[in-house]
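Novice: I have a structure here, written as structure tokens, and I will follow up with some questions on it.
The values are calculated or read from the model by the stated rules, or taken from the named source; none is laboratory data. Please read these numbers as outputs of a predicted model, since none were measured by experiment. Here the Cβ is made from the backbone with ideal geometry for all residues, glycine too, and neighbour counts use every protein chain on show. Protein only, heavy atoms only, side chains kept; ligands, DNA and RNA dropped before computing areas. Shrake-Rupley method; radii C 1.70, N 1.55, O 1.52, S 1.80 Å.
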Amino acid sequence: MSEQKLFTLRNPWFGAAVGITGGIAVLSFLAGLIWLPLAQPDLKISGIWDAICSAAGVPRAAPQSSVQQPDFKTSSVVLTSEMLTHPDQVSIGRGATLAQRCAICHGPEGVSDANSPNLAGQFAAVTYKELNDFKAGARVNVVMSPFAATMSNQDMLDIAAYYAYLPRVPSNKIDAELAAPRIVVTGAPMRNIPPCGACHGDIDTKAGSPWLGGQSAVYIKAQLEAFASGSRHNDISQQMRNIARQMTGEEIDQVARYYAAQP
Amino acid sequence: MLINKRLILAHFWLAFAVFGLALILGAWQMFVRSPFNAWHFNPEFYYRSVTAHGSAMGYVFPTLIAMGFGYAITEATLEKPLVGVRWAWAGFALVAVGAVVAMIPVSLGLASVLYTFYPPMVGNPFYYIGVVMVVVGSWIWVALMSINLMIWKRDNPDRPVPLAMFANVAGSYLWGWTAVGAALEIIFLILPVALGLRSTIDAGLARVFFSWTLHAIVYFWLIPTYIAYYTIFPRAIGGRLYSDAMARISFILFVVVAMPIGVHHLFADPQVGAGFKFMHSVFTGLVTLPTLLTIFTICASAEIASRLRGGRGAFGWVRALPWQNPIMLATALSLVMLGFGGAGGIINMSYQLDATIHNTQWITGHFHLIFGGAIVIMYFAIAYDLWPHLTGRAMDHFGLMRTQLWLWFIGMIVTTFPWHYVGILGMPRRMAFYDYANPAISPQTFSVGMSAVGGLILLTSGVLFFVVLIRGQRAERSDAGAYRFSVPIHMPARIPVALNSFGLWLTLMVGLTVVNYGYPIAQLLVLKQTNVPAIYVGASR
């Protein structure tokens, strides 16, 4: 056996083994790196060499198509989870003075029955972001926009600090019996809706997401409908618009009623 | 002729001891994440346990089985004492010490990175050092197998290498080459980060290196099982092997195409081009060939044995097989699990179909069915077959063995079939906790519960296995005679040099590795900005 030569074309095992292995490798190369890329019109391959480079994974510059700009202003506020969590007393005091002008709608203690948001105890980052968006025009409201237009950055920081400092006043509509709707607890995975509670309390609180407990049901419903229609669009990365668009009218009512009845 | 029985027994006992501990961990994992357990445990313990279970079952247990069985094959087929016994003990010690070194940081919660490492997660350096020690210990075995074969060939230039030895050395070469990928990953990418010399890691390149090891390692685990199919099963049921050449071709095919296919584990990864994924997919498809050849040859061998015993008819011969024989039973159950597992594997290797089950519980089900089922049940059979020859004591609790094998089979089916199903429903793998109250997850509750019951059945079977082994170790002394392997129908007097040597096949193996891995690795080495910050597991935040 040992006198047989193996690495020679005269040995049929050698020729067959190398030929078959090499043949399969070449065929799979041709199919995987040339034929299949060319067969996919979406890839926009310009030639054989381009097909090979594309299928081999050579990094290519992204197509230089122009980015479509929205026809409205978007929010430019950047929030971090630590932001505005340690306000100083002077800021809160200045905020208390500045907030006099807000009392007519938001109540002297940050709580009102006027179906405008209750601001007492709201996270400072939330109030600050909304004021900024009103001022910049990313969020528009006939009443709020003129108020915000004249505020300085420090004014907005102070007002936000003041309202965060006020204790949340228990709503007179609390209903502990009301069970949390499914959308609040588990969301709707098949419609790509995360649980409301994952950002707005109950499960977790995320930076920039307002505390919804005790807010007016009319206000919550109006905002969800505004997100769904796109008339409100200051949510970063369309988070709320994507969610609200997928929600049914019934779910919006449930959520509004539920949060209005929470502390 | 088994001479170094203590060496072989030491490998088997350590292997099964590690297997027993990891089996308990596995059953615990199945219980804590099942609906039977209200969630009241620290999920970190789950990942510790998964890391320990995977490292023990993946790296230590099958490696020791392959090594011990390899030494037994060497002495039994070459009919002379093993050359390099001291080196063999040194290899054994490296594996044993390496396993302990790796397991200490894992049990302290400092290396809960799972046995597949998953960079950019980085754990305690001793975990990786322990794994490297296990691999280096097994490389000593690879070298010894090769040396022993070379010496025998020099002394017996005109005799064909015995089939069992040929397959054993094929498995050792396959392992020697396939372990290189993980070794490169650990030494050049992970360890510098784990030791604090660097704080970023090229996670994509690391995963490509690991895929080099990750798939062929399964074939390394599989080789002892296939050796048992070809060289123990026909003899044990009183028949002959249908074809010696077919067997050699199967093992050769494993050497050549089992390795350059690992990128099918990275179908969802962005760092490898689609063209190379396709090529790996094609070669993964080719690995079905040696398995199909094997199923044909083994069924033909069974038919021969049955007809020798008086079996008749197109299918009537199946009934005449010696079903009371544990080896017969184990092989049949193994082939059934191999069939289902292989069918699932064909789905995994298809570039498009993989997307439906990638990283779901289906994958866990698949590799448990193949490895835990088809492969490990033959490890039991190998132990049952070898034990009397190693201990010099009778082992005749056949009823107990059959119960054990049936329980293992039933347990594995009850465990893995529901896993496949919940995988299709979308259940992700590697999760410590599932909220079964969630409407999207609740349809999986029953199936996951069922698989946990399967885990308990497997644990029971594991206990029975140790009962059989320990009883065998304490039985009356009796001479089991010389250990023999199956004889083919046509004993080869002369065979082509290609079927008697490895040079050509190793060349093709390395060549295909260069073709299929060369560009993806070279590209990632050259590309800048592919490093990401490491995430140190167990570090205080």
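Novice: Quick one: Cα convex hull volume of region B:199-304, Å³ per residue?
Specialist: Each residue corresponds to 95 Å³ of Cα convex hull volume.
Novice: In addition: Mind computing the radius of gyration and Dmax over the alpha-carbon atoms of chain B? Å is fine for both.
Specialist: When restricted to the Cα atoms of chain B, Rg and Dmax are 22.8, 72 Å.
Novice: Between 0 and 90 degrees, rounded to the nearest ten: what's the tilt of helix A:124-136 against the longest Cα principal axis of chain A?
Specialist: 90
Novice: For region A:133-263, count the residues as N, evaluate 2.2 N^0.38 Å, and divide the Cα radius of gyration by that value, please. Walk me through the numbers before you get to the answer.
Specialist: Working: Rg = 15.5 Å, N = 131, 2.2 N^0.38 = 14.0 Å.
After normalising by residue count via 2.2 N^0.38 Å, the value is 1.11.
Novice: Chain pair A, B: how much accessible area is buried, both chains summed, with a 1.4 Å probe, in Å² to 100?
Specialist: In total, chains A and B hide about 2500 Å² from solvent.
Novice: Now for a different question. Which percentage, to the nearest 5, of the DSSP beta bridges contained in the protein assembly as shown is antiparallel?
Specialist: Rounded to the nearest five, the antiparallel share is 70 percent.
Novice: Using alpha carbon centroids, what distance separates region B:30-80 and region A:10-31, in Å?
Specialist: After rounding, the separation between the Cα centres reads 38 Å.
Novice: When only alpha-carbon atoms are used, what values of Rg and Dmax, in angstrom, describe region A:89-165?
Specialist: So, for region A:89-165, Rg and Dmax equal 11.2, 32 Å respectively.
Novice: On to the next question. Sum up the charges of everything whose Cβ sits under 14 Å from the Cβ of B:Trp317, counting Lys and Arg as +1 and Asp and Glu as -1, but leave B:Trp317 out.
Specialist: Value of the local net charge: +3.
Novice: About its Cα centre, how strong a charge dipole does chain B have in debye, to the nearest 20, once Lys and Arg get +1 and Asp and Glu get -1 at the Cβ?
Specialist: With only Lys, Arg, Asp and Glu charged at Cβ, the dipole is about 680 debye.
Novice: In vacuum, with every alpha carbon of region B:1-51 counted as one equal point scatterer, what does the Debye formula give for log10 I(q)/I(0) at q = 0.16, 0.25, 0.26 Å⁻¹? Two decimals, please.
Specialist: Debye output, listed in q order: -0.58, -0.92, -0.96.
Novice: Here is a follow-up. Extent of chain A along each principal axis, from alpha carbon coordinates, in Å, largest to smallest?
Specialist: 103, 44, 36
Novice: Separate question: Report the paramagnetic label zone for A:Val143: residues of region A:200-236 whose backbone N is under 16 Å from a point 7 Å from Cα along the Cα-to-Cβ axis.
Specialist: So the set is A:215-223.
Novice: Sort B:Val18, B:Val255 by heavy-atom solvent-accessible area, probe 1.4 angstrom, most to least.
Specialist: Final ranking, largest accessible area leading: B:Val18, B:Val255.
Novice: For helix B:398-425, report the angle its Cα long axis makes with the longest principal axis of the Cα atoms of chain B; keep it between 0 and 90° and round to the nearest 10°.
Specialist: Approximately 30 degrees, to the nearest 10.
Novice: Using the Karplus curve 6.51 cos²θ - 1.76 cosθ + 1.60 with θ = phi - 60°, what ³J(HN,Hα) values do you get for each residue of region B:42-48, in whole Hz, with x for Gly and Pro?
Specialist: Values per residue, Gly and Pro as x: 7, x, 4, 4, 4, 5, 4 Hz.
Novice: State whether region B:232-363 is rounded, prolate or oblate according to the following rule on the C-alpha gyration tensor (a ≥ b ≥ c being the square roots of its eigenvalues): a/c under 1.5 gives rounded; otherwise a/b larger than b/c gives prolate, and the remaining case gives oblate.
Specialist: prolate
Novice: Applying the Karplus parametrisation 6.51 cos²θ - 1.76 cosθ + 1.60 with θ = phi - 60° to the phi angles of region A:25-39, what ³J(HN,Hα) value in whole Hz is obtained for each residue in order, glycine and proline being reported as x?
Specialist: Ordered by residue, 3J(HN,Hα) equals 4, 5, 4, 5, 5, 4, 6, x, 9, 10, 5, 4, x, 5, 7 Hz.
Novice: Just check region A:12-56 against the gyration tensor rule for me: Cα atoms, a ≥ b ≥ c as the square roots of the eigenvalues, rounded for a/c under 1.5, and otherwise prolate or oblate depending on whether a/b exceeds b/c.
Specialist: Because a/c hits 1.5 or more and a/b exceeds b/c, region A:12-56 counts as prolate.
Novice: In degrees between 0 and 90, to the nearest 10, how far off the longest principal axis of chain B does helix B:244-257 point, with axes built from Cα atoms?
Specialist: That works out to roughly 20 degrees.
Novice: Protein chains only, probe 1.4 Å: how do A:Arg232, B:Arg471 rank by accessible area, largest first?
Specialist: B:Arg471, A:Arg232
Novice: What are the residues whose amide H is under 5 Å from the amide H of B:Thr360, where those residues sit 5 or more places off or on another chain and H is modelled from the backbone?
Specialist: Amide H neighbours of B:Thr360: B:Arg429.
Novice: Can you list the residues, at least 5 places off or on another chain, whose amide H is less than 5 Å from the amide H of A:Ile193, using H built in the peptide plane?
Specialist: Answer set, sorted by chain and number: A:Ala188.
Novice: When the Cα centres of region B:82-136 and region A:146-193 are compared, how far apart do they sit, in Å?
Specialist: Between the Cα centres of region B:82-136 and region A:146-193 lies a distance of 53 Å.
Novice: What does the convex hull of the alpha-carbon atoms of the protein assembly as shown project to on average, in nm²?
Specialist: Convex hull of Cα atoms, orientation-averaged projection: 41.4 nm².
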